Amino acid sequence: MSAADEVRLRPLRAADLDRIVALERTLFGPGAWTYGMLADELAGQGRWYVVAEPARHLAVGPPPVVGYAGLWFDGDVTQVMTIGVDPAYQQQRVGSTLLEALVDRSRRLGASAVLLEVRVDNEPALALYAKHGFEQIGLRKRYYQPEDVDAYTMRLGLAPLRDDDPDYGTAPDAGSVVA
């Protein structure tokens, strides 16, 4: 069974922010983004955010948010702003599903590349990005920790869509996805 069978992606909504903030704290500790920081980020120009939720949800009420991802497009390249996955779902390819959606969105926007930064000690994220073809292009110092090199910058080059590609000429869905 693929992750696509296990989760579905949808635009992130303002009603999701409390759950996203809780996941941020679980995943990133004291340095996690706050509700206000996330709200400001989501409102930024060129931002596109999605959430992952279980495809089969039998409980009463809305399904839980088990992952989220964001992208920023500046007119030339896209930048992965974040990918976060609930620890209980990290072995179910949810991160890959989210990353694939970001790369697909980037191609449909006509971006020449996808960029990102990742902590040098985040081995699962580094493995995910390498598996999807990202290459390390540099080091960033004093971003997460003031005393040392702590982040890799990575890049995935994107070939332009050809006119025989099914997505050629297809406009991507509307920009920011906060309701």
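Annotations for the structure displayed:
- With a simple spin-label model that places each label point 7 Å from the Cα along the Cα-to-Cβ direction, the separation between ASP121 and TYR35 comes to 3.0 nm.
- Across the alpha-carbon atoms of segment 3-157, the computed radius of gyration and Dmax are 15.3, 48 angstrom.
- Amide N of segment 65-109 lying under 17 Å from the label point, which is placed 7 angstrom from the Cα of ASP18 along Cα→Cβ: 65-66
We did not get these values from a lab; they are worked out from the coordinates using the rules stated. Nothing here was measured: the structure is a model prediction, and the numbers come from that model. Note: ideal-geometry Cβ built from the backbone for every residue, glycine included; neighbour counts use all protein chains shown.
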